[in-house]
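J.: Before I ask anything, let me first share the structure, which is written out below as structure tokens.
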Amino acid sequence: MCYGPFKKLCHWGPLTAIGIIKMVTGSTIHCSGMWWPSTTLGGFINTLGFMSLSGLTLYNLLSAMFHGPGYLPLKWTPADKANCKYLQECKVCLGYKAPRSHHCRKCGRCVQKMDHHCPWINNCVGWGNHAHFLYFLLFATLGCAHASVVLGCSLYRALYRNNYLYYRVPDVPIVYLGLTGMILTVLSLGLAIGVVCAVGLLFIVQFRSILRNRTGIEDWIVEKADCRRKHKEPYIFPYDLGRWRNLKQVLTLSGNPVGDGINWEVKEGCSQFSLTIEQLEQKNEKRLKARTYKIVSPASGRWFPLSYGIKVCCNFPCTDEPRLKLNVGDLVLVTRWRKLWLFGEKIQDDLPDDQKALLRQKGWFPRPCAVQYETVRSVQKSNGKNKKI
């Protein structure tokens, strides 16, 4: 078991990421030494450039992990207590959520300017480490693109080595790869190309969000605000200050964050609480739309509950939110509906008030296992009346 700062490292995400970095780096340096030896000027520059990209990738990965996103202090309240009415409460951290802060159920804390929880760094991406995370994505993409060229050319030279020897082609370094070397090179090439495609796409998404000064969670809030205000004035996102100023709020040479993560520069005509007021209004609407469902057949809590059929398994929600394990008779307050899945919070009235927030159970469950509770009660009442008659 790991303790202290190494606890973050002892997780499949960071260990896998570091393993991929080391494997691609080792294979590339090995092949580069034969394909373009560093004894030449060009080879030396090639090796130096690749090692710089590999080192910067690893450095920013670890920095994003250990620096963290920045957490609100427990029991945090604004300096002016009158502003509490504009903020949401966090029953787990026993305080209020500052503007742009959200509670992460995996970290167990309220995160400043939370974007998302990333398993590859085993931490949240937020105000404190957004720059390091973006640099990690950038250098990983560039390094793997470089590695793909080196590994691809080396593999070609190794496969056609006999042709070069047979025709005695001058000034062409010969690449020798045994069976193990060939397997590792092909595997490393596949990983490098995969990183370029997947991480490169994620870099584009993150860079776009920084240009708009809007996190992934805030995208969802704005989308709901626009939907809610179809026939009213459009919602103005308060933190979009223009692309250049938005970039300067996140990207610094050192990667260190700007500001304090609580107070933010906003557009003219907006206030520090423009977003939080919109969140409170959305939350009130969510409460009004919520419906209670009663579980009539057990839900296993698995991502693919085969007992409910192929359709339910194939139409699962594309999200990392948890799945609820439920027993017959449980009540769930449902706030989101899909054709074959429901999202809600299990009602636990038997728990003490001080434990309800800590032991909250929220997640998705198959729709066929539940019926709307109000409907069940109305049917029971009507049956009771019929019996009396």
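J.: Cβ-Cβ distance below 8 Å, separation of 6 or more or different chains: which pairs start in region 327-344 with a residue that is under 11 Å from Pro368 (Cα atoms) and end on one that is part of a loop (DSSP other than H, G, I, E, B)?
T.: Matching pairs, first to second residue: Lys339/Asn315; Leu340/Asn315; Trp341/Asn315; Trp341/Phe316; Trp341/Pro317.
J.: Going residue by residue through region 137-153, is there one that turns out to be within 20 Å of the chain's Cα centre (by Cα) and surrounded by fewer than 21 Cβ atoms within 10 Å (Cβ to Cβ)?
T.: Checking region 137-153: at least one residue is within 20 Å of the chain's Cα centre (by Cα) and surrounded by fewer than 21 Cβ atoms within 10 Å (Cβ to Cβ).
J.: Right, another one. Go over the candidates Val111, Val92, Val175 one by one and state the one that is of a type outside the set (D, E, K, R) and closer than 19 Å to Met65 by Cα.
T.: Just one listed residue meets the conditions, Val111.
J.: Go through Lys8, Lys85, Lys113, Lys91 for me and flag whichever is exposed (fewer than 12 other Cβ atoms within 10 Å of the Cβ) and not hydroxyl-bearing (Ser, Thr, Tyr).
T.: The conditions single out Lys85.
J.: Looking for whichever is buried (at least 16 other Cβ atoms within 10 Å of the Cβ) and under 25 Å from Ala131 (Cβ atoms) here; the options are Pro73, Pro69. Which one fits?
T.: Being buried (at least 16 other Cβ atoms within 10 Å of the Cβ) and under 25 Å from Ala131 (Cβ atoms) holds for just one of Pro73, Pro69, which is Pro69.
J.: Please specify each residue of region 259-284 satisfying the condition of being assigned to a loop (DSSP other than H, G, I, E, B) and of a type in the set (Gly, Ala, Ser).
T.: Gly259, Gly261, Gly269, Ser271
J.: Only one of these is surrounded by fewer than 20 Cβ atoms within 10 Å (Cβ to Cβ) and within 20 Å of Pro173 (Cα to Cα): Thr40, Thr28. Name it.
T.: Going through Thr40, Thr28 in turn, just one is surrounded by fewer than 20 Cβ atoms within 10 Å (Cβ to Cβ) and within 20 Å of Pro173 (Cα to Cα): Thr40.
Values in this text are rule-based calculations from the coordinates and carry no lab data. Remember, predicted model here, so these are calculated numbers, not experimental data. Cβ atoms come from the backbone with ideal geometry, glycine included; neighbour counts cover every protein chain shown.
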